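Visitor: What follows is a structure written as structure tokens; I'll ask about it next.
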Ligand SMILES: [Zn+2]
């Protein structure tokens, strides 16, 4: 709490400075700042314009409300008396509905969710930047570019994955990743590339097999980078950073040379802010969802931590730059995560803290033939009983017999992953109900000018509608 109050003091000081610099006698505050429980903690009265010049939109993919609450337990410092707030908590302004407009399904996937975020249109599951009739719909990123702003997409998934894709491409199905990458390169607005900063995984879709897109971007002046130090040394304001062939490894498992989500956010903001006309940036913590699907609580907490750091970085930037709006939300929840299961009123994050690797990492190692007992010993922070190792070995045998292309492979692999994760899900007392998505409303966090528009219970399409309003208003 002490640190937080210190930040609040700094924020007020910089608001006054900013107000003075712009020639107003008093700093003007965005209306409807967040009412926090303790008014001394109210730092969200920042902002001196109604229409933000810059928008940073952060998507915690799959980050349903139970993820935010579980992460609060996980991040709590044991030395403090009360449970500590997370970086998100002081910026909660409401929640939002996530349902898609799909002929068969009424629980959304990330493609329909992201298209709602990017364009303000409800659509069918799988749709990328197109409406229910497969017609192209304009996105807030495209509007930003039309206004002469700079634009960026950052994700821990493939940069062609549904969420970033829905901001800068238009295809009728999310699996058309080659086409999405092609559109990232080929589509121009006022003769310029749509996206100035592209950071994430998915190198596979930019190589020789798909027309050497990396080379083409490089020729057009983009820095093309493959690791953290190259990224941080990059000088061009346009950058294509591809840090994995497919999804980036989870933070808990990643090699040091890989940038974290916060590092990519830092680089993106530093490049985009060079444009006097402002910027739009989307940052996705994609592997919250990718860990939620196989019910990997260690992976989920690893990625929530990474996402919180990126959010914290973005809000700190917005406190110093009062023309910046921050919005963070989720597209849906995943896995039916529950904080405790069975009859005990206990959830034990300490067990998760002791883990050295995610369930996904250990499962991959074991499936590829590594000795299960050793992988478990290296990945777990507590002793796993022999009967559970036996069960893992039994499931591993079935997976190893199958080819990845076999129909039965996916199920067998999940059964192996379930066996690998059973000890940690039991020890932490974490419950799950599905390997898919769930339809509850998700939290909205917002800060800066215009954040009042995100208050209350809104629809996922309102994110785009509000941002379009802001950008159209400051176009003149
Ligand atoms: Zn998902």
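Quick note: the coordinates plus some simple rules give every number you see, no bench work behind them. No experiment lies behind these values; they were computed from the predicted model shown. Note that each Cβ is placed from the backbone with ideal geometry, even for glycine, and that neighbours are counted across all protein chains shown.
Visitor: How many Å³ per residue does the convex hull of the Cα positions in segment 112-188 occupy? Could you put the intermediate results ahead of the total?
Guide: Working: hull volume 6.2 nm³, N = 77.
Per-residue hull volume (Cα only) is 80 Å³.
Visitor: For residue 457 and residue 209 in the same chain, what is the full-extension length gain: residue separation times 0.36 nm, less their Cα-Cα distance, in nm? Write out the running numbers ahead of the final one.
Guide: Values: separation 248, 0.36 × 248 = 89.28 nm, distance 4.52 nm.
Gain on stretching residue 457 to residue 209: 84.8 nm.
Visitor: Specify the angular offset, from 0 to 90 degrees and rounded to the nearest 10, of the alpha carbon long axis of helix 261-272 from the longest principal axis of the alpha carbons in the chain.
Guide: Here the helix axis deviates by roughly 20 degrees.
Visitor: Could you work out how far helix 409-428 tilts from the main Cα principal axis of the chain, as a 0 to 90 degree angle to the nearest 10?
Guide: For 409-428 against the chain, the angle is about 80 degrees.
Visitor: Normalised by the empirical 2.2 N^0.38 Å for globular proteins, what value does the Cα Rg of segment 218-342 take? Present the calculation step by step, with values, prior to reporting the outcome.
Guide: Numbers: Rg = 16.2 Å, N = 125, 2.2 N^0.38 = 13.8 Å.
That works out to 1.18 for segment 218-342.
Visitor: Then there is this: Using alpha-carbon pairs under 8 Å, 6+ residues apart, how would you state the relative contact order of the chain in percent?
Guide: Details: 1056 pairs, mean separation 121.2, N = 476.
In percent, rounded to a whole number, it is 25.
Visitor: Sorted from largest down, what three extents in whole angstroms do the Cα atoms of segment 339-476 have along their principal axes?
Guide: 66, 41, 25
Visitor: If you don't mind, there's one more thing I want to ask. If the viscosity is 1.567 mPa s and the temperature 4 °C, what Stokes-Einstein diffusion coefficient in µm²/s follows for the chain when Rh is the Kirkwood radius over Cα pairs? Kindly include the intermediate steps, with their values, before the conclusion.
Guide: Numbers: Rh = 22.9 Å.
D = 57 µm²/s.
Visitor: How big is the Cα convex hull of segment 380-434 in projection, averaged over all directions, in nm²? Don't skip to the answer; put the middle values down first.
Guide: Numbers: hull surface 17.4 nm².
The directionally averaged projection comes out at 4.4 nm².
Visitor: Next question, about the same structure. Using only alpha-carbon positions, what ratio does the radius of gyration of segment 64-195 give when scaled by 2.2 N^0.38 Å?
Guide: Details: Rg = 17.8 Å, N = 132, 2.2 N^0.38 = 14.1 Å.
Cα-based Rg divided by the globular estimate yields 1.27.
Visitor: Can you compute log10 of I(q)/I(0) for segment 152-208 with the Debye formula, treating each Cα as one identical point scatterer, at q = 0.30, 0.31 Å⁻¹?
Guide: Debye output, listed in q order: -1.40, -1.46.
Visitor: What's the angle, to the nearest 10 degrees (0 to 90), between helix 297-320's Cα axis and the longest principal axis of the chain?
Guide: 10 degrees
Visitor: Starting with the highest mean, order 301-308, 331-338 by the number of other Cβ atoms within 10 Å, averaged over the residues of each peptide. Write out the running numbers ahead of the final one.
Guide: Working: 301-308: 25.9, 331-338: 24.4.
Per-residue mean Cβ counts within 10 Å order the peptides as 301-308, 331-338.
Visitor: Could I ask something else about it? Which of 141, 92 has the fewest other C-beta atoms within 10 Å, and how do the rest follow up to the most?
Guide: Working: 141 29, 92 17.
Sorted ascending by nearby Cβ count, the order is 92, 141.
Visitor: Mind checking the log10 I(q)/I(0) for segment 42-134 at q = 0.11, 0.20, 0.23, 0.24 Å⁻¹? Debye, one equal scatterer per Cα, no solvent, two decimals.
Guide: -0.49, -1.03, -1.14, -1.18
Visitor: Rounded to the nearest 500, what is the chain's calculated 222 nm mean residue ellipticity when only DSSP H runs of at least 4 contribute -39500 (n - 2.57) each, over all residues? Don't skip to the end; give the middle numbers.
Guide: Working: 17 runs with 192 residues, N = 476.
Here the helix-only value at 222 nm equals -12500 deg cm²/dmol.
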